[in-house]
Amino acid sequence: MKEQILKQYFGYDTFRPLQAEIIDWVSAGNDCMVLMPTGGGKSVCYQVPALMTEGLTIVVSPLIALMKDQVQALRGNGVGAAYLNSTLSSSEQYAIERQCYAGEIKLLYIAPEKLLTPSCMDFVRRLKVNLLAVDESHCVSVWGHDFRPEYTQLHVLKTAFPDLPMIALTATADRVTRRDVLKQLGIPDARVFEASFDRPNLSLNVLPGRNRIKVIEQFIHDHPNQSGIIYCLARKTTEDIALKLRAKGINARFYHAKMPAEERSAVQDAFLRDDVQVMVATVAFGMGIDKSNVRWIIHYNMPSNVESFYQEIGRAGRDGLKSTTMLFYSFADWIMRRDMIENSELPQHMKDIQFAKLDRMKQYAEADHCRRRILLSYFNETVERDCGNCDVCRNPRSKFDATVSAQKALSAIARTDQKIAMGMLVDVLRGSHNRSVTERGYDKIKTFGVGRDLRAEEWAEYLTQMLNSGVMDVAYDEAHSLKLNEISWRVLRGERKVELVRFESYEEKRKRQEEQ
Ligand code: ADP
Ligand code: ZN
């Protein structure tokens, strides 16, 4: 039955990994969360169940700009679909409501702020609903990278329809965010379906943030006719770079949110048609764009968190062919991002989350470990081997056996009940008698002071490497305390070695990068 619907309405013969399982699970009346990278095929997971039973499916989605396209695509496939958001006139809205009552609509997309109005809630209560879908569900959580306050009331959905299954979907959410999303939506025990986030065809590269324009020009010159996107932080930068590239005869255009809408869709279409080779854009560009042959992504500036970074590089190589990603990084970029967070209007606890996420991004940029392992461990995938397709793997720095140091650190984490953050762990390992350590009695534990052989900055570096390579985890929602995982215990039991890259001062590191 589900295969038939997939064929009839979407034209596909087979399901992608997990899709069939998810559809069965949801159709049996169960709640779940679906984690799949962008382009993985999340929509089918609720669209097929919507068509399998009587009634309609409510899809909550914050992306008003995309709703119209999604609905049009569904209608084009012969699926009764409609959307409700603030852009509709009251007569348009009335017409849609009538169609819903008449049973002509199978998928009803609603913007969260619209849904939460009393009149809209009244309306949906009167409908025959078969499934609740929450797209971009990471927006529910303050721990996510794109928190939307209007999403926080969405638990009313499960309250209004306690017997209906709910499916929450997202492309990016670390463990803390996932747990929080499920709690916020009122489905704490929902099963989590997790597709692999690995994109082995993307090569990952970080370059020192010097002579950026020159490096980009050379890269484009070496890859003629390959289309790509250069992401910049500021609108002005997109215009400047596009101008400079054009002066060199490169077919480049810019794109940002402050351009008139017609201009934006004109350049976007030109890029999709391959009439423009290079798009220099802010992150406003790319949402919902389905172009399979983007061959490279360059980040002119460092993104503010790993989730955004992953989503942006994920726009390259959708066709599965080899594609390149490059991130320019300088310490100054990090400072600039910090200032942006500091000067934002966010409350302090939100700023702290943003700082922590930014620091993980910086660790990625500065890492001496396989970058893919860092990315995947961020999304909670365990990888046992280096990827061979990142700059670190191609230019490895020699590692040393750091198992004993790692065991000291992990054992200290265990003996402090996994309640301490990195700073305090370093104090405990180095045997510092400061107040917060002694107050908690950590100066009495067996591992107190066992790490005096290393300086504090060396410990900070090694602990970061351990985190990056998945030897331990961090819980942002528990004051950034370090947590032991499967691998940690294997290291503690002596079943697994830990290899780390020797500590380098910032000066040493810079010198080495310049020589490369
Ligand atoms: P996501 O929402 O996860 O970013 P979409 O649901 O938009 O991804 O799907 C991405 C693309 O994959 C779409 O073009 C969709 O039609 C296609 N797709 C989804 N499921 C299948 C399938 N089973 N077989 C082939 N193509 C699929
Ligand atoms: Zn690698």
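Brief remarks on what is shown
- Within region 193-291, helices (runs of 4 or more DSSP H) holding 2 or more residues that are touching a residue at least 40 places away in the same chain (Cβ under 8 Å): 212-222, 235-247
- Candidate set from region 362-420 (those that are acidic (D, E) and assigned to a helix (DSSP H, G or I)); member that is farthest from ligand 2 (Cβ to nearest atom): E366
- Residue check for D174: within 19 Å of K68 (Cβ to Cβ) and of a type in the set (D, E): no
Table: residues versus (1) of a type in the set (K, R); (2) buried (at least 17 other Cβ atoms within 10 Å of the Cβ).
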position: K258; (1), (2): yes, no
position: R273; (1), (2): yes, no
position: I289; (1), (2): no, no
position: S292; (1), (2): no, no
position: H299; (1), (2): no, yes
position: Q311; (1), (2): no, yes
position: A316; (1), (2): no, yes
position: M326; (1), (2): no, yes
position: L346; (1), (2): no, no
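- Exclusive hit being surrounded by 13 or more Cβ atoms within 10 Å (Cβ to Cβ), among the acidic types (D, E), touching an Asp or Glu at 6+ places or on another chain (Cβ under 7 Å) and under 30 Å from N380 (Cβ atoms), set E499, E461: E499
- P49 meets all of the listed conditions (1) modelled with pLDDT of 95 or more; (2) of a type outside the set (S, T, N, Q); (3) surrounded by fewer than 17 Cβ atoms within 10 Å (Cβ to Cβ) but one, namely (3).
- Some residue of region 212-235 being among the small types (G, A, S), over 23 Å from S292 (Cβ atoms) and more than 25 Å from the chain's Cα centre (by Cα): no
- Options I23, I64; residue that is away from ligand 2 (no atom under 16 Å from the Cβ) and closer than 22 Å to C139 by Cβ: I64
- Only one of F193, F254 that is within 16 Å of ligand 1 (Cβ to nearest atom) and more than 19 Å from D319 (Cα to Cα): F193
- Residue satisfying condition, being within 27 Å of Q354 (Cα to Cα) and more than 15 Å from ligand 1 (Cβ to nearest atom), within set T152, T53: T152
- Scanning region 10-36 for residues that are over 20 Å from T172 (Cβ atoms), within 11 Å of ligand 1 (Cβ to nearest atom) and not aliphatic (A, V, I, L, M) turns up F10, G11, Y12, D13, T14, F15.
- Region 200-223, subset in contact with a Phe, Trp or Tyr (Cβ under 9 Å, 6 or more places away or on another chain) and among the basic types (K, R), residue nearest to ligand 1 (Cβ to nearest atom): R212
- Of the residues in region 136-146, at least one is on the phi > 0 side of the Ramachandran plot, acidic (D, E) and crowded, with 19+ Cβ neighbours inside 10 Å.
Table: residues versus (1) of a type in the set (A, V, I, L, M, F, W, C); (2) surrounded by fewer than 20 Cβ atoms within 10 Å (Cβ to Cβ); (3) in contact with a helix residue (DSSP H, G or I) (Cβ under 9 Å, 6 or more places away or on another chain).
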{"site": "L375", "(1), (2), (3)": "yes, no, yes"}
{"site": "N380", "(1), (2), (3)": "no, yes, yes"}
{"site": "D386", "(1), (2), (3)": "no, yes, yes"}
{"site": "N389", "(1), (2), (3)": "no, yes, yes"}
{"site": "C393", "(1), (2), (3)": "yes, yes, yes"}
{"site": "K399", "(1), (2), (3)": "no, yes, no"}
{"site": "S405", "(1), (2), (3)": "no, no, yes"}
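The values are calculated or read from the model by the stated rules, or taken from the named source; none is laboratory data. Quick caveat: nothing in here was measured; it's all calculated off a predicted structure. Backbone-built Cβ (ideal geometry, glycine too); neighbour counts: all protein chains shown.
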